[in-house]
Amino acid sequence: MALIPRGDIPLSHDPSARYLPWLLGIMCYFAVLASVGAVTSHQLAARWDFALGSVVTVQIPAAVTEGSDAPRLSQAERMMRQLPGILRLVRVDTSRSAELLAPWLGAELAADLPLPRLFDLHFAAPPEVDLKQFEARLGELFPGAMVEAHTQWMSHVAKLTRAVEVLGLTVLALVMGASVVAVIFAVRTSVSIHREVIAILHLIGARDGYIASEFQAHVLKMALRGGLVGGFLAVATLAGVAAALEPEAVDGANLIPTLLGGLPAGVVEWSLIASAPVLVALVAWIAARLSVLGALRRMNP
C-alpha cells in the first residue's frame, strides 16, 4: 500500500488541507502532555513508595534537662537497631527541627521550644514488625513516645497519583477519539468534493484500495506535519513550566536538568512519550482508510 501521494486526486487544494494539520497538531500537543502526566505520576508514585514506604519515624519527648535521660535514650536506640530488617538509624538533629519550625514560629521561639528527639528508621522493605507493640515498649521508657510509619499517609498520596495517571490516560483516549472524528469528517468532505474525479478513476479501472491510499497518504502527511508542530509546542510548554518552577535555572546551565529532572528515565517510558505524535498519525492514517472505503461503498452499492 503506497504512502506517497500520486497526485491523481488534487487533495492538497481541499479546505481540510488548511485546518486538519493544525487540528491534529493540537491533538498531538495534548497527547504528549497527557502521556507525560500519566507516565511521570506513575514513576513518581513508585519512587515515593520505595523511598518512604520503608521509613519509620520515632518521636521521643524532649528531656527535662539536657542529658538527664541519656541511659534510657541509649536503651531506646538499641531497641531500634534490633528491629528486624533495619538498614540504618538516623537521628534528626534538634537544630534541624528548629530550622524547619522557624518560618512558622519565629527563630527565637523555635530555638527555645523543648523539641522532641526524632529518629528515622530505614528498612530494606516496608517493615513487617508490629509498630504498635514497639511503640508500647518505647512508651515504657518514654511515656508519650510515638512511632509513625510513612505508609499511613502514603496511601493518600498513592490515590492522588493514581487519579492523575487515570486522568492522563483518559485525556489521551479522548484525544485519539477526537482525532478519529476530525479525520472522518475531513475525509468524507474530500470524498464529496472529488466525487467526479473518483467516478472517472473507477471508470478507468482504479480500485477502491488505490483511491483509499491516496487519501491515506494525504492524511498521513498532514498528521505528521501537525504532530511535529504539536510535539515541539508540548516540549516548549514543559520547558516553560520547569522554568516557572525553577526561575534560577533560566539564567544558568540547569534548564535542561530542571526540565528532565521530574521525568521518567526508563527507556520504555520515554518510548511511550516519544510515540505520542506517531500514534496520532497512525490513528489518523487508519481512520482515513476505513472512512474512505466506507464512503466508496456507499457511492458504489
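The values are calculated or read from the model by the stated rules, or taken from the named source; none is laboratory data. Nothing here was measured: the structure is a model prediction, and the numbers come from that model. Here the Cβ positions follow ideal geometry from the backbone for every residue, glycine too, while neighbour counts run over all protein chains shown. Heads up: the accessible areas ignore ligands, DNA and RNA and are worked out on the full protein's heavy atoms, side chains in. Shrake-Rupley method; radii C 1.70, N 1.55, O 1.52, S 1.80 Å.
Here is how the numbers come out for the structure above:
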| read-out | value |
| --- | --- |
| Enumeration of residues in the stretch 132-162 that are modelled with pLDDT under 75, of a type outside the set (A, V, I, L, M, F, W, C), open to solvent by less than 100 Å² (accessible area, probe 1.4 Å) and over 27 Å from R78 (Cα atoms) | S155 |
| Test: residue in the stretch 93-108 that is under 21 Å from L141 (Cα atoms), open to solvent by less than 90 Å² (accessible area, probe 1.4 Å) and within 38 Å of the chain's Cα centre (by Cα) | yes |
| Boolean, Q75 is out of contact with any helix residue (DSSP H, G or I) (no Cβ under 9 Å at 6 or more places or on another chain), more than 30 Å from R195 (Cβ to Cβ), modelled with pLDDT of 80 or more and among the polar types (S, T, N, Q) | no |
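Matching residues to (1) over 38 Å from the mean Cα position of the chain (by Cα); (2) among the aliphatic types (A, V, I, L, M); (3) over 20 Å from L20 (Cα atoms); (4) in a helix (DSSP H, G or I):
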residue: R188; (1), (2), (3), (4): no, no, no, yes
residue: V191; (1), (2), (3), (4): yes, yes, no, yes
residue: I198; (1), (2), (3), (4): yes, yes, yes, yes
residue: G209; (1), (2), (3), (4): yes, no, yes, yes
residue: H218; (1), (2), (3), (4): no, no, no, yes
residue: G227; (1), (2), (3), (4): no, no, no, yes
residue: L238; (1), (2), (3), (4): no, yes, yes, yes
